Amino acid sequence: MVFAAAAVLVSAGGGRATAEPKSPFPTTTSADAGFARDMATHHQQAVEMSFIVRDRTSDEEVRRFAYDIANTQANQRGMMLGWLDLWGLATYDASRPPMAWMGMSMKPGADGALMPGMATNTDLNRLRGLSGKDAEVLYLQLMTAHHKGGIHMARGCVERCTVGAEKRLAQGMVDAQQSEIGAMAQMLRKRGASPLSN
């Protein structure tokens, strides 16, 4: 009689044997969380480079372009950090290297380049030391490489992420940054320069 009562209690959800409900949010090891963390870091450097060049040139075309990148990527970064907060996840996971969510055994690059396309500390210091056309050219070269790395990551999210809004954001990044790479190629040609070789 006791066993029968216990069985009824468990089947009704009142016993301890009932499994915890599955969280509707991504886990800390998911592609969704990995992309949000890594792209937030990637975007932060793009914002930093854009502010550097804004102060190193008076060319309105480059200043306007840099402002657009800084504004767009700062807003997107805020969205991704907001999602991590909503999901109850840390914005940084020291136990997982960058790009692990893409199945890449990525080790931080030399001189501070954490992920594909990111500038090194030496690159950033060099940009800070230039002005005028020289600063414009280096910025456009570094940002072109940065966008190529960002597109690679965003495509990874389109393929692997499960949150619809995040997948749409990632596809928007691919489309916008491909267009911006074309615009930067034109600006470099106007200045007698070309993108850095891979």
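The values are calculated or read from the model by the stated rules, or taken from the named source; none is laboratory data. Small disclaimer: the values here were computed from a predicted structure and weren't measured. Glycine gets a Cβ as well: all are built from the backbone with ideal geometry, and neighbour counts include every protein chain shown. Side chains included, ligands, DNA and RNA excluded: accessible areas come from the protein's heavy atoms. Shrake-Rupley method; radii C 1.70, N 1.55, O 1.52, S 1.80 Å.
Express the carbon and sulfur contribution to the solvent-accessible surface of segment 16-103 as a percent, rounded to the nearest whole number, probe 1.4 angstrom.
51
Can you give the accessible area per residue of segment 74-198, in Å², using a 1.4 Å probe?
Per-residue accessible area for segment 74-198 comes out at 51 Å².
The Rg/Rh ratio for segment 88-198, using Cα coordinates for both the radius of gyration and the Kirkwood hydrodynamic radius, is 1.02.
The equivalent ellipsoid that matches the C-alpha gyration tensor of segment 37-134 spans semi-axes of 28, 18, 9 angstrom, in descending order. Straight-distance candidates among the aspartates and glutamates for linking to K190, with alpha-carbon spacing under 19 Å and chain neighbours fewer than 8 residues away dropped: D59, E60, E61, D134, E136, E180. Note on segment 39-198: with charges restricted to the Cβ of Lys and Arg (+1) and Asp and Glu (-1), its dipole about the Cα centre is near 240 debye. At the residue level, Y67 shows approximately 140 square angstrom of accessible surface with a 1.4 angstrom probe and all protein chains present. Computed across segment 57-107, the Kirkwood radius stands at 13.6 Å (inverse of mean 1/r, all Cα pairs). Segment 114-173 to segment 52-66: how many Å between their Cα centroids? For segment 114-173 versus segment 52-66, the Cα centre distance is 17 Å.
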